[in-house]
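Visitor: The structure follows.
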Amino acid sequence: MTCPLFDAVAKVVRERRSIREYMDEQPPKEVIEEILDLARWSPSGNNVQDWRFTVVRDKNMLEAIKAFSPGWIASGNPVATIISSDREWALKKGGRHIAEYLYYVHAGIVAQTISLLAHAKGLGTCMIASFSREAVKTLLSLPENWEPVLIMLVGYPRNAPQPPPRLPLDELVTWR
Ligand SMILES: Cc1cc2nc3c(=O)[nH]c(=O)nc-3n(C[C@H](O)[C@H](O)[C@H](O)COP(=O)(O)O)c2cc1C
């Protein structure tokens, strides 16, 4: 049975890559906004929605953040969206388990939604986990109760890499 929606989603999932070479032109604000507006529909425990997005477009600020991010090996001029968790909000709305453990899961889920949407728009992304939380928090004057979890680069790809290999399904799945 053909299922165009499944085929379209499968194509986006299969073809998305972590992009580490970007063009100099940044994506327009409206496009980033459209992607983040849709990403709000990601699921979260208790529907807590503790994710907060700080979109950095300023070149000097991007350079400053990059200086504290060993995982930022990408070249070019993408925007960087810092995905933080408002952990105070998470505690209030979802309780301790969410505020202490699940906030990382939430950031990962919303990050993947962003990267798939961005790919579908012809944009490239790269998630960066290797960065100084403290430095980013200070540089961007983030509220005390926010914890930056991921940096998400979003820009026009200059180069799409070959897909890194995936483990075969039968090594990942057991059926009971
Ligand atoms: C949680 C997480 C953290 C990552 N951190 C970094 C990073 O710090 N720097 C980087 O260049 N790529 C980072 N990546 C990208 C991975 O290296 C990449 O997803 C993986 O090699 C598979 O390649 P693909 O995304 O092109 O399929 C990260 C990915 C995830 C999901």
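Visitor: By a straight-distance test (C-alpha under 17 Å), which aspartates and glutamates pair with K66 as possible cross-link partners, with residues fewer than eight away in the same chain excluded?
Guide: Leaving aside aspartates and glutamates fewer than 8 places away in the same chain, those within reach of K66 are E21, D24, D58, E134.
Visitor: Let me know the longest stretch in the chain that avoids all GluC sites (Glu not before Pro) found in a DSSP loop with at most 15 other C-beta atoms within 10 Å.
Guide: Working: sites that count: E25, E144.
The reported range is 26-143.
Visitor: Give the Cα extents of the stretch 107-165 along the principal axes, in whole Å, largest first.
Guide: 38, 23, 18
Visitor: Which distance in Å, rounded to a whole number, links the C-alpha centroids of the stretch 3-34 and the stretch 54-78?
Guide: Measuring centre to centre over Cα atoms gives 20 Å.
Visitor: Give or take rounding to whole Å, what are the principal axis extents of the alpha carbon atoms in the stretch 18-112, in descending order?
Guide: 42, 28, 22
Visitor: Going from the alpha-carbon gyration tensor of the stretch 69-128, what semi-axes, largest first and in whole Å, does one get by taking the root of 5 times each eigenvalue? Don't skip to the answer; put the middle values down first.
Guide: Details: eigenvalues 147, 37, 15 Å².
Rounded to whole Å, the semi-axes are 27, 14, 9.
Visitor: So what is the orientation-averaged projected area of the stretch 7-50, using the convex hull of its C-alpha atoms, in nm²?
Guide: Values: hull surface 19.9 nm².
Dividing the Cα hull surface by four gives the mean projection, 5.0 nm².
Visitor: Within the stretch 22-109, list the chymotrypsin sites (Phe, Trp or Tyr not before Pro) lying in a DSSP loop whose Cβ has at most 10 other Cβ atoms in a 10 Å radius. Present the calculation step by step, with values, prior to reporting the outcome.
Guide: Values: sites: Y22, W41, W51, F53, F68, W72, W89, Y101, Y103, Y104; in loops: W41, F68, W72.
In loop regions of the stretch 22-109 (DSSP not H, G, I, E or B), the sparsely surrounded chymotrypsin sites (Phe, Trp or Tyr not before Pro) are W41.
Visitor: Determine, from the Cβ-Cβ distance of E134 and M61 and an R0 of 22 Å, the FRET efficiency 1/(1 + (r/R0)^6), rounded to the nearest 0.05.
Guide: Step by step, r from the Cβ atoms, then E = 0.85.
Visitor: Using the beta-carbon distance between F68 and T2 and R0 = 45 Å, what value does 1/(1 + (r/R0)^6) give for FRET efficiency, to the nearest 0.05? Intermediate values should be presented prior to the final figure.
Guide: Working: r = 49 Å, r/R0 = 1.08.
After rounding, the FRET efficiency stands at 0.40.
Visitor: Further question: Find out how many positive minus negative residues lie around Y103, taking Lys and Arg as positive, Asp and Glu as negative, among other residues whose Cβ is under 9 Å from that of Y103.
Guide: Values: positive: R87; negative: D50, D86, E100, E147.
Taking every Cβ under 9 Å from that of Y103, the sum is -3.
Visitor: Farthest toward the dipole's positive end in the stretch 16-158, which of S132, M23, S115, given Cβ charges of +1 (Lys, Arg) and -1 (Asp, Glu) about the Cα centre?
Guide: The Cα lying farthest towards the positive end belongs to S115.
Visitor: Probe of 1.4 angstrom, ligands and nucleic acids ignored: what's the accessible area per residue over the chain, in square angstrom? Display every interim value, and only then the final one.
Guide: Numbers: 10720 Å² over 176 residues.
On a per-residue basis, 61 Å².
Visitor: Rounded to the nearest 5, what is the percent of antiparallel bridges among the DSSP beta bridges in the stretch 1-156?
Guide: Numbers: 19 of 21 bridges.
Beta bridges within the stretch 1-156, antiparallel portion: roughly 90 percent.
Visitor: Let me ask another. Within 10 Å of each candidate Cβ there may be at most 16 other Cβ atoms; applying that plus a DSSP loop requirement, which chymotrypsin sites (Phe, Trp or Tyr not before Pro) in the stretch 108-176 survive?
Guide: Details: sites: F131, W146, W175; in loops: F131, W175.
Sites meeting the loop and neighbour criteria: W175.
Visitor: Residues of the stretch 150-169 with the amide nitrogen closer than 17 Å to a label point 7 Å from the Cα of A10, along Cα-to-Cβ, please.
Guide: Correct set: 169.
Visitor: When all C-alpha to C-alpha distances in the stretch 18-176 are sorted into bins of 10 Å, what percent of pairs does each bin hold, rounded to whole numbers?
Guide: Pairs per bin, as whole percents: 11, 37, 34, 15, 2, 0.
The values are calculated or read from the model by the stated rules, or taken from the named source; none is laboratory data. The structure presented is a predicted model; accordingly, all values stated were derived computationally and were not measured. Reconstructed Cβ throughout: ideal geometry from the backbone, glycine too, with neighbour counts over all protein chains shown. What goes into the accessible areas is simple: the full protein's heavy atoms, side chains included, and nothing from ligands, DNA or RNA. Shrake-Rupley method; radii C 1.70, N 1.55, O 1.52, S 1.80 Å.
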